[in-house]
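K.L.:
Okay, here's the structure, questions in a sec.
The values are calculated or read from the model by the stated rules, or taken from the named source; none is laboratory data. Note that the coordinates shown come from a computational prediction; the quantities given were computed from them, not determined experimentally. Methodologically, a virtual Cβ is constructed for each residue, glycine included, from the backbone with ideal geometry; neighbour enumeration extends over all protein chains shown.
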Amino acid sequence: MVKRLLTGNEAIAEGARVGGALFASAYPGTPSTEILETIARQGDVRVQWAPNEKVALEVACGVSLGGGRALCAMKHVGVNVAADPFFSASYSGVGGGLILVSADDPAMHSSQNEQDNRHLARAAKVALLEPSDSQEAMDFVALGFDLSEKFDTPVMLRVTTRTCHSMSPVELDPHARYEPVLRPGYERNFRKNVLLPANARVRHEAVEERLAQLEEFGNHERALNRIEWGDRTIGVITSGIAYQYVREVLPEASVLKLGLTHPLPRQLIREFGAGVDELYVVEELDPFLEEQVRALGLHPVGKEIFPITGELDPDRVARGFGIEPLGAGIEPVDASLPLRPPVLCAGCGHRGVFYTLSRMGVAVTGDIGCYTLGSLPPLESMDACLCMGASVGMAQGMEIALRAAGDDRPVVGVIGDSTFVHSGITGLVNTVYNGGSGTLLLLDNGTTAMTGHQEHPGTGVTAEGDATIALDYVAVCHAVGVRRVREADPYDLEALEAAIREELAADEPSVIICRAVCRLVDRTPIADPAELEIECPGCGTCFELGCPALDGSSGQAVIDPAVCSGCALCVQLCPFCGLRIHGHEAVVQESVS
Amino acid sequence: MNDLERPRNVFLTGVGGHGVLAVSRVIAEAALARGFDVRRSEVHGMSQRGGSVVSQVRYGPRVHSPLIARGAADILVSLELLEALRHLHALRRDGILLANEQRITPAPIGGLTVAYPDDPRGVCEQRVDRAIFLPALDIARELGEEKAANMVMLGAYSVLAPEIPEATWLETIATAFRPRFRELNVAAFGAGREVALRSAGAGAAP
């Protein structure tokens, strides 16, 4: 065996290999993305990026039905999208082991909410595993496959940002060969796998029985649930990353460490509760364990002293226990230090679109991706951002309400390429079907940019790196009934605005596709950096672009040639024609006239 | 033999593209190779887009939390001065600041840059008893590659961490990066080590 440092995500990938997974699927989403990327790099388990989490899970369910072990990874909100197959797969059970990895994001490092997906495992009545470090992340995948098959249940492996993105040592067998675990001899099983009401009623009984068996298993399986007896005046029930903070803060305390957190091992909890003077529950986000422990007639202290919002850390756990701060540090520098907030990159194709929208007095429903940054100053041209794909449906709904109120402001939906494929297409079907007339801007940067540039069905490349058929957005829009589909260059402000105005004027739905490859994918300069040819009078017009290559703190525009990509948006805006880009004379001439 | 009685807490910071994560990775790998238990954490959500980057490494006989408690860092390694100021309170009162003298002005927002602090070095020196500043960028430039500034800083860190022998550092660097960068990284590491030995007093550990 060798010890290697792995992130939780890398360890999950290793677990899939060691556990004999035949297949893994995912839709990218922080903090889960590196799981599938790592599995793909290993090159053993077959991998797929799916258009969305629902499809990812459905393919995994199919693999399981056919007898192969399958793992499906997504961020917490992705499980909402996959909830339909997830809840029903619970009734069908599995063929080959089936694991859904839910990567939750307490503190919302990169998410729109911090829902606690342990509730979903409980609602779906499946086994729930919570690893606390990378070693467990790997072990629980292999163990999860066994458990899934033994108890005929899908398994949710719930991790959080801190387990996903922290590294800790993992014991690996360098000589282990990859061998997919298969259940050969597939046979049709109508009563189990066809969820007609008559079958599903019987299956529900089986699900409840399974939970009882799982609970009994959890009472005795020390690899998952264990009591670490110590000082018996304080007993702490905990799971996941919170276990590490408890161990750090209270090294002497007795701890009931839970790895299988649904169904809960009630007998073990009672035994632990009876063995300590004061009982505590330390868990991130909701009082998921705490309320169930309370239902046993025990009286733990939990959310009254530990926060329900945000992520835990050693300080928050120590504070809850009334322990003095662990560190005695230097006073923070309280001067208002300049921040480094995320901004659209210099030359980003989204910038011209949001600049144009900000001038037009339109309502804009946005979506999830880098372009959500278009909602921030100085562009500030987004009214809403809810969830993946919502821009399309919300645009139509908002139009209905505005018109009813006598407000004739146009409504524009803005969506990225990967998000459009994820769940924008069905929204567009609805717009056409139900007689909407809005305009959708499809910002195609040729990648899933926000999560680190993953392929998707529109890029023409698979997760395994093979060339495939790229989704044709124009054809898709036409096929669902949008007659007005056109392309507009997001680097040509005048033409872009004209295109948007024209489509908004039309009394039918329209789609404008703005193509510009992500600057982090193709860093080749678009043209030479912009240069100032006159003494800048400092009117500030170009600053409204929010371009990181343009600094105006001296009162004049100063272009950083190392950052400027030559996109020439500022050249088009300069009312004094003082900005020039080699090769862009024509644009400047036009703006003179 | 330099054994640790309690975990060594190293807080690292810088700006996206700086190579902060590479430094923290080498520290973590070297500590593991030396036989320590290790935890390493990072926040890198928007790092590609010029944001602040933070990584934490803890190693010792037994480590639990991947996060360092506030005010419990033994050493703050900063690859940029403003980021050193921003995270100064991560340090213990008797902790050591090891900072690259480089200044990176934050990208202007809407054309406006918030003024860079006047005297970041002075503020650091006022608050931290042991503050070591290195011209890591200049040293890396002399070696022919600005991007190696992070390895200069790693070399300086190694002087403050005698619990990990020099050979372990060199072996870790050799395996952590692509072979064509090996010579440069080793040279940058050596240069940083030399400067730190000279400026900080040989072998001084917290």
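K.L.:
Could you tell me which residue of the range B:51-75 is nearest to B:V128 (Cα to Cα), considering only residues that are at pLDDT below 95 and more than 9 Å from chain A (Cβ to nearest Cβ)?
P.N.:
B:V54
K.L.:
Out of the range A:199-246, which residues are among the charged types (D, E, K, R) and touching a Ser or Thr at 6+ places or on another chain (Cβ under 8 Å)?
P.N.:
Correct list: A:R203, A:R210, A:E228, A:D231, A:R232.
K.L.:
Within the range A:94-110, does at least one residue satisfy the condition of being surrounded by fewer than 23 Cβ atoms within 10 Å (Cβ to Cβ), under 30 Å from A:G460 (Cβ atoms) and touching a helix residue (DSSP H, G or I) at 6+ places or on another chain (Cβ under 9 Å)?
P.N.:
Yes, the range A:94-110 contains at least one residue that is surrounded by fewer than 23 Cβ atoms within 10 Å (Cβ to Cβ), under 30 Å from A:G460 (Cβ atoms) and touching a helix residue (DSSP H, G or I) at 6+ places or on another chain (Cβ under 9 Å).
K.L.:
Also, I was wondering about something else. Just the residues that are assigned to a helix (DSSP H, G or I) and of a type in the set (D, E), please, taken from the range B:127-164.
P.N.:
Of everything in the range B:127-164, those that are assigned to a helix (DSSP H, G or I) and of a type in the set (D, E) turn out to be B:D138, B:E142, B:E146.
K.L.:
Being touching a Ser or Thr at 6+ places or on another chain (Cβ under 7 Å), of a type in the set (V, I, T), over 23 Å from A:A449 (Cβ atoms) and modelled with pLDDT of 95 or more is the requirement here; does A:V59 meet it?
P.N.:
So A:V59 fits the description; yes.
K.L.:
A further question follows. Just to be sure, is A:P300 touching a strand residue (DSSP E or B) at 6+ places or on another chain (Cβ under 8 Å) and in the same structural domain as A:L256 (by TED's automatic domain parsing)?
P.N.:
Against the criterion (touching a strand residue (DSSP E or B) at 6+ places or on another chain (Cβ under 8 Å) and in the same structural domain as A:L256 (by TED's automatic domain parsing)), A:P300 qualifies.
K.L.:
Go through the residues of the range A:318-341 one by one and say whether even a single one is β-branched (V, I, T) and assigned to a helix (DSSP H, G or I).
P.N.:
The answer is no; no qualifying residue exists.
To keep it simple, each residue is scored yes or no on (1) outside any loop (DSSP other than H, G, I, E, B); (2) assigned by TED's automatic domain parsing to the domain that holds A:P154; (3) surrounded by fewer than 21 Cβ atoms within 10 Å (Cβ to Cβ).
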position: A:L214; (1), (2), (3): yes, yes, no
position: A:R232; (1), (2), (3): yes, no, yes
position: A:P251; (1), (2), (3): no, no, yes
position: A:V255; (1), (2), (3): yes, no, no
position: A:T261; (1), (2), (3): yes, no, no
position: A:Q267; (1), (2), (3): yes, no, yes
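K.L.:
How many residues are in a loop (DSSP other than H, G, I, E, B) and buried (at least 21 other Cβ atoms within 10 Å of the Cβ) when one looks only at the range A:443-454?
P.N.:
6
K.L.:
Another question about this same structure. Evaluate the range A:326-349: report whether one residue or more is under 30 Å from A:L379 (Cβ atoms), crowded, with 17+ Cβ neighbours inside 10 Å and more than 12 Å from chain B (Cβ to nearest Cβ).
P.N.:
yes
K.L.:
Right, another one. Being of a type in the set (V, I, T) and within 14 Å of chain A (Cβ to nearest Cβ) is the filter here, so list the residues in the range B:114-166 that pass it.
P.N.:
Hits for the range B:114-166 are B:V114, B:V123, B:V128.
K.L.:
With respect to the numbered conditions (1) assigned to a loop (DSSP other than H, G, I, E, B); (2) within 11 Å of chain A (Cβ to nearest Cβ), which one is the sole condition not fulfilled by B:G95?
P.N.:
Tallying (1) assigned to a loop (DSSP other than H, G, I, E, B); (2) within 11 Å of chain A (Cβ to nearest Cβ), B:G95 fails exactly one: (1).
K.L.:
Looking at (1) free of Cβ contacts under 8 Å to residues at least 40 places away in the same chain; (2) more than 9 Å from every other protein chain (Cβ to nearest Cβ), find the lone condition where B:Q102 falls short.
P.N.:
Single failed check for B:Q102: (1).
K.L.:
Looking at A:P174, A:P169, can you tell me which residue is in contact (Cβ under 8 Å) with a residue 12 or more places away in the chain, in contact with a strand residue (DSSP E or B) (Cβ under 6 Å, 6 or more places away or on another chain), part of a strand (DSSP E or B) and in the same structural domain as A:E208 (by TED's automatic domain parsing)?
P.N.:
Checking each option against the conditions leaves just A:P169.
K.L.:
Another question, if that's okay. Being in a loop (DSSP other than H, G, I, E, B), out of contact with any Asp or Glu (no Cβ under 8 Å at 6 or more places or on another chain) and under 21 Å from A:P251 (Cα atoms) is the filter here, so list the residues in the range A:281-305 that pass it.
P.N.:
Within the range A:281-305, A:I305 is the sole residue that qualifies.
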